[in-house]
Amino acid sequence: MAQISVTPEQLQQQSQVYLRAKEGIEREIQTVNAMNNTIHEEWQGSAFESYLEQYNQLYGQVTKFEELLESINTQLNKYANTVAERDAQDAKGFGF
């Protein structure tokens with residue numbers, strides 16, 4: 001049988017790490033996208049187009065990673081709620 005030694009509050013705090021990481025990645029991507037727009041004004045030609053094509057391909061992978069981080073956040077929060085609800089139900093079972 002599994003032994004759970006983490007509290008719902010700890011799970012919720014830990015889930016926020018994943019959410020903040022996702023938000024940080026989003027901010028950095030916005031910065032890079034803005035920089036790409038600036039560079040595009042100054043660097044035209046096939047070399048930049050090749051760079052941009054590669055960037056766009058990798059961007060899809062970054063988006064998937066952001067989705068993974070958000071999913072982990074959601075799952076940890078749901079599990080924290082489940083643990084808290086189960087504990088409350090168990091406590092009611094000891095009523096006199």
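The values are calculated or read from the model by the stated rules, or taken from the named source; none is laboratory data. Quick caveat: nothing in here was measured; it's all calculated off a predicted structure. Cβ placement follows ideal geometry from the backbone for every residue including glycine, while neighbour counts extend to all protein chains displayed.
If you go through segment 62-96 and keep only what is exposed (fewer than 12 other Cβ atoms within 10 Å of the Cβ), at pLDDT 90 or above and among the basic types (Lys, Arg), you end up with just Lys64.
A Cβ distance below 6 Å, combined with a sequence gap of six or more or placement on separate chains, defines the contacts here; from segment 16-29, residues that are farther than 14 Å from Ile72 by Cα reach residues that are part of a helix (DSSP H, G or I) and modelled with pLDDT of 95 or more in the pairs Ile25/Glu66.
Take segment 1-30 and flag every residue that is among the hydroxyl-bearing types (Ser, Thr, Tyr) and surrounded by 10 or more Cβ atoms within 10 Å (Cβ to Cβ). Once the filter is applied, which keeps residues that are among the hydroxyl-bearing types (Ser, Thr, Tyr) and surrounded by 10 or more Cβ atoms within 10 Å (Cβ to Cβ), segment 1-30 yields Thr7, Ser15, Tyr18. Restricting attention to segment 1-59, the residues that are under 25 Å from the mean Cα position of the chain (by Cα), among the polar types (S, T, N, Q) and more than 30 Å from Asp87 (Cα to Cα) total 7. Of the residues making up segment 16-49, those that are over 22 Å from Gln61 (Cβ atoms) and of a type outside the set (Asp, Glu) are Gln16, Thr38, Trp43, Gln44, Gly45, Ser46, Ala47. Taken across segment 36-49, residues that are of a type in the set (S, T, N, Q), exposed (fewer than 13 other Cβ atoms within 10 Å of the Cβ) and not in a helix (DSSP H, G or I) do occur, with at least one present.
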